[in-house]
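Written below as structure tokens is the structure these notes are about.
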Amino acid sequence: MTARTWQCPGRLEGETAAMPASEPADLFSLIRSRIADPAKLFIETNDGRRFTYADMLALSGRLASVLVARGVEPGDRVAVQVDKSPEAVILYLACLRAGAVYLPLNNAYTLAELEYFIGDAEPKVVVATPKAGADLGALAARLGVAATETLGTAGDGSLMAAAAAASADFADVARGWDDLAAILYTSGTTGRSKGAMLTQRNLASNALTLVDYWRFSPADVLLHALPIFHTHGLFVATNTLLLAFGTMLFLPKLDADEMMRLMPRCTTMMGVPTFYVRLLQDERLTRATTAHMRLFISGSAPLLADTHRAWQERTGHAILERYGMTETNMNTSNPYDGERIAGTVGFALPGVDLRVVDPESGKALGTGEVGMIEVRGPNVFKGYWRMPEKTAAEFRPDGFFITGDLGTVDARGYVRIVGRGKDLVISGGYNVYPKEVETEIDAIPGVTESAVIGVPHPDFGEGVTAVVAVPKGSTLTERDVLARLDGRLAKFKQPKRVFFVDDLPRNTMGKVQKNVLREQHKDLYAKG
Ligand code: MCA
Ligand code: AMP
């Protein structure tokens with residue numbers, strides 16, 4: 001394990017020594033303290049729109065002024081479902097400055113899905129795309145939200161119009177390290193999605209650790225093609241680059257052509273495994289075209305060892321794989337200087353305590369033994385929004401969070417994730433909880449029951465697949481099932497294939513044997 005030490009910003013619970021008054025006491029103050037030259041480029045889009053740090057400060061001030069004018073008070077939620085743009089990132093920073101809690105929502109979510117999130121989080125303001133503004137505004141108004149604004153990808157929308165007329169001179173609302181900075185919803189294996197409450201400390205401490213561990217500096221330019229409504233693209237990428245005082249080149253989405261065009265201007269890239277799989281299909285990916293890059297980082301889903309090897313052969317770069325969760329930010333990482341081992345997620349990060357335990361007894365296991373991964377540290381979230389029982393159920397009395405991931409730690413300290421103790425499919429880096437999809441399928445007239453599984457998929461890692469039990473003689477088709485799910489579930493959650501059976505396989509306890517189904521369908525999406 002690494003011997004490096006890590007300094008937590010602010011005071012930890014139970015710590016007696018107060019930090020000097022001059023120290024920043026919240027994430028945005030910390031970000032501000034790193035801006036050495038406001039004229040430096042913060043974000044440039046692939047179509048040439050440029051925002052310096054000075055632009056970011058001015059626009060986030062204006063946006064914060066608008067939020068406060070709309071009635072946002074410290075601790076109020078601001079829910080945002082917009083397409084990726086520099087303005088959207090700056091809106092996140094405006095929320096920090098206004099003391100609001102940023103609540104980003106996947107832009108694939110349907111109105112049916114959004115109803116739950118907005119009803120549960122009770123935001124003061126909702127921000128939608130200009131296209132969805134009317135529908136989402138009507139839903140938000142019905143749920144008692146005070147104001148809905150719109151934000152487009154070209155600096156358009158009602159929010160930007162209001163910002164243009166608002167003051168850039170905004171006095172940041174002071175926050176403490178234990179105050180909330182964001183809520184990110186994660187689906188649950190049972191029941192409803194849970195809002196993970198992330199504090200200023202959670203985000204700041206993790207980003208500081210990553211700047212240091214991955215050697216980010218003001219010289220870095222990050223190729224950013226991830227969505228910005230999840231931990232990976234928002235916190236791991238954006239907070240880290242902000243605290244390094246670096247620059248980001250923004251693409252709206254994964255686009256191999258554009259990425260190859262921009263790569264010579266960049267030094268680093270972060271992506272889910274699908275990024276690496278798709279870029280490997282591009283002949284322009286060579287040692288020469290990646291010569292300017294110093295680091296490729298992968299996470300959110302397992303990177304196949306084959307992909308790791310193929311990338312190294314083609315480019316000479318060993319992808320650095322790391323492991324995290326919405327609830328914990330980043331927990332482990334392969335080393336910057338040492339050996340990056342394919343199939344492992346590296347070492348526990350400085351400041352993160354990681355152990356592997358027997359899932360039943362909670363007893364700590366030894367080197368090489370497979371068990372539940374548990375973590376503790378300043379990165380670990382405060383709890384689930386308004387769900388004290390669910391929060392309590394996922395923490396041990398000594399403060400360790402039960403990740404639901406099964407793994408081992410070897411003698412050198414490398415962590416390997418070998419499976420999931422939770423029924424979860426990860427498709428292209430997005431989590432899909434089978435229960436949620438099964439509930440929708442089971443509600444279709446004529447369906448007896450269903451089982452949703454993840455099956456190896458060459459592009460998405462796992463492909464969501466449904467096995468549906470119907471009575472003999474049923475005329476229900478795959479197309480019928482998919483049509484029923486459209487508009488109810490985000491596209492990425494919808495099964496790529498649907499199969500029909502008379503009965504689902506069950507064990508002697510009556511439990512559906514998903515392992516049997518996964519084995520039956522394992523070659524479904526195989527290449528060729
Ligand atoms: C799009 N589709 C998908 C997915 N994305 N289906 C399954 N899984 C997906 N991930 C659908 C589209 O709606 C479309 O459907 C069809 O698949 C093909 O779309 P395509 O254009 O190929 O998709 P894309 O735009 O290229 O997107 C694929 C993607 C994207 C690049 C893998 O999903 C992505 O950016 N994923 C990153 C997710 C992420 O950031 N995760 C981090 C979570 P149709 O053709 O029928 O219309 S944070 C996290 O997990 C933790 C904390 C961590 O450790 O980081
Ligand atoms: P999320 O709920 O979107 O934050 O997803 C977190 C889950 O993604 C973790 O609990 C893991 O199961 C998985 N995950 C993240 N990074 C990796 C990785 N490098 N390898 C394997 N699984 C990962």
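The values are calculated or read from the model by the stated rules, or taken from the named source; none is laboratory data. Quantities reported herein were computed from a predicted structural model and do not represent experimental measurements. Cβ coordinates were reconstructed from backbone atoms using ideal geometry, including for glycine residues, and neighbour counts include every protein chain displayed. We work out accessible area using only protein heavy atoms, side chains counted, and drop any ligands, DNA or RNA first. Shrake-Rupley method; radii C 1.70, N 1.55, O 1.52, S 1.80 Å.
When only Cα pairs below 8 angstrom with a gap of at least 6 residues are kept, the chain shows a relative contact order of 12 percent. For the residue pairs Lys124/Lys491; Lys390/Lys493; Lys40/Lys131; Lys40/Lys84; Lys84/Lys496, alpha carbon separations beyond 30 Å are given by Lys40/Lys131. Given C-alpha coordinates of the range 165-242, what is the ratio Rg to Rh with the Kirkwood estimate of Rh? Taking Rh as the inverse mean 1/r over Cα pairs, Rg/Rh reads 1.04.
Where the accessible area of the chain is counted over protein heavy atoms with a 1.4 Å probe, how much of it, in %, is carbon and sulfur? Display every interim value, and only then the final one.
Working: 11090 of 21350 Å².
Carbon and sulfur together cover 52 percent of it.
For the range 393-435, the normalised intensity computed at q = 0.23, 0.26, 0.33 Å⁻¹ comes to -0.95, -1.00, -1.06 (log10 of I(q)/I(0), Debye sum over alpha carbons, equal scatterers, no solvent).
One compactness figure for the range 331-409 is 1.18, namely its Cα radius of gyration divided by 2.2 N^0.38 Å. The phi-based Karplus calculation (6.51 cos²θ - 1.76 cosθ + 1.60; θ = phi - 60°) puts the 3J(HN,Hα) values of the range 88-94 at 5, 5, 5, 5, 4, 5, 5 Hz, whole numbers, x for Gly and Pro. Ordering Thr408, Leu91, Ala483 by the projection of their Cα atoms onto the charge dipole of the chain, which places +1 on the Cβ of Lys and Arg and -1 on the Cβ of Asp and Glu, puts Thr408 at the extreme positive end. The Cα atoms of the range 22-157 define a convex hull whose projected area, averaged across directions, is 8.6 nm². Inter-part distance, the range 487-517 to the range 429-472, computed on C-alpha centroids, equals 5 Å. Put a plus charge on the Cβ of each Lys and Arg, a minus charge on the Cβ of each Asp and Glu, and nothing anywhere else: the dipole of the range 432-528 about its Cα centre is then about 140 debye. Applying the criteria of a DSSP loop state and at most 15 other Cβ atoms within 10 Å to the GluC sites (Glu not before Pro) of the range 348-400 yields Glu360, Glu369. Per residue, the chain exposes 40 Å² of accessible surface when a 1.4 Å probe is rolled over the protein heavy atoms with every protein chain present.
Please sort by residue number the trypsin sites (Lys or Arg not before Pro) in the range 240-293 whose DSSP state is loop and whose Cβ has at most 15 other Cβ atoms within 10 Å. Show your work: numbers first, answer last.
On the way: sites: Lys253, Arg261, Arg265, Arg278, Arg284, Arg287; in loops: Lys253, Arg284, Arg287.
For trypsin sites (Lys or Arg not before Pro) across the range 240-293 that sit outside H, G, I, E and B with at most 15 neighbouring Cβ atoms in 10 Å, the list reads Lys253, Arg284, Arg287.
Using the reciprocal of the averaged 1/r over all distinct C-alpha pairs, how large is the Kirkwood radius of the range 242-396 in Å?
With all distinct Cα pairs of the range 242-396 included, I get 17.7 Å.
Of the residues Leu262, Ala132, Thr508, the one whose Cα sits farthest toward the positive end of the charge dipole of the chain, with +1 on the Cβ of Lys and Arg and -1 on the Cβ of Asp and Glu, is Leu262. Size of the chain from its Cα atoms: along the principal axes, largest to smallest, the extents are 69, 56, 53 Å.
Taking trypsin sites (Lys or Arg not before Pro) across the range 465-528, the ones in a DSSP loop with at most 14 further Cβ atoms lying within 10 angstrom of their Cβ are Lys472, Lys511, Lys522, Lys527. Within 14 Å, Cβ to Cβ, of Ala134, how many net charges do the neighbouring residues add up to if Lys/Arg are +1 and Asp/Glu are -1? Neighbour charge sum, excluding Ala134 itself: 0.
Shape class for the range 428-514: oblate, because the ratio a/c of the largest to smallest gyration tensor axis (alpha-carbon atoms, square roots of eigenvalues) is 1.5 or more and b/c is at least a/b.
With kT/(6 pi eta Rh) evaluated at 4 °C and eta = 1.567 mPa s, and Rh the Kirkwood radius from Cα pairs, the range 350-467 diffuses with a coefficient of 79 µm²/s according to Stokes-Einstein.
Specify whether the C-alpha gyration tensor of the range 254-318 places it in the rounded, prolate or oblate class, a ≥ b ≥ c being the square roots of the eigenvalues: rounded for a/c under 1.5, otherwise prolate if a/b is larger than b/c and oblate if not. The shape class here is rounded.
For the range 104-186, with only Lys/Arg (+1) and Asp/Glu (-1) charged at the beta-carbon, what is the dipole magnitude about the Cα centre, in debye rounded to 20? If you can, show how the numbers build up before the last one.
Numbers: 4 positive and 11 negative charges, 40 e Å.
Magnitude of the dipole: close to 200 debye.
Its Cα centre serving as origin, the range 270-367 has a Cβ charge dipole (Lys and Arg +1, Asp and Glu -1) of approximately 320 debye. Excluding same-chain neighbours fewer than eight residues apart, the aspartates and glutamates reachable from Lys382 by a Cα-Cα span under 14 Å are Glu13, Asp178, Asp179, Glu327, Glu394. Taking the DSSP beta bridges with both ends in the chain, the antiparallel portion is around 60 percent. Subtracting the Cα-Cα distance of Lys422 and Leu41 from 0.36 nm times their residue separation leaves 133.0 nm of extension gain.
When the charge dipole of the range 40-151 is built from unit charges on Cβ atoms (+1 for Lys and Arg, -1 for Asp and Glu) and taken about the Cα centre, the candidate among Ala54, Gly119, Val145 whose Cα reaches farthest toward its positive end is Ala54.
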